[in-house]
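Throughout, read-outs are computed from the coordinates displayed, never taken from laboratory work. Remember, it's a predicted structure, so these values are computed and weren't measured experimentally. Positions of Cβ are generated from backbone atoms using ideal geometry, with glycine treated the same way; all protein chains shown enter the neighbour counts.
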Amino acid sequence: MTNAVVHGQVPGRRVETRIIRLEGGVRIEVHDANGKPSEMRQASEDDERGRGLALVQELTCGRWGVDAREGVGKLVWAHLTADDSHGM
């Protein structure tokens, strides 16, 4: 969501979030008007930003992605399931 607010907002367009219940989990979607794909990056220890998608990767066991959407922009989605606990 932070990436969409910081990098994806276009004047006159809103950022939208959807949470969809799935059997055994949820799908979280963030829609924005910026067509540039979101990319995971490797943040250094000193970077104050750049860890968001790495956290999504870890929390979802890699079940996330970026898709085009109808109209302007993209949607970033992630699937969280009950078995994604990673020992927590």
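Residues of the stretch 1-16 being surrounded by fewer than 13 Cβ atoms within 10 Å (Cβ to Cβ) and either over 14 Å from the mean Cα position of the chain (by Cα) or closer than 21 Å to Leu80 by Cα (or both), which ones?
Scanning the stretch 1-16 gives Thr2, Pro11, Gly12, Arg14.
Would you pick out the residues in the stretch 30-88 that are exposed (fewer than 13 other Cβ atoms within 10 Å of the Cβ) and in a helix (DSSP H, G or I)?
Leu55, Glu58
For Leu59, which of the numbered conditions (1) more than 19 Å from Val5 (Cα to Cα); (2) without any contact (Cβ under 8 Å) to a residue 12 or more places away in the chain; (3) hydrophobic (A, V, I, L, M, F, W, C) fails to hold?
(2)
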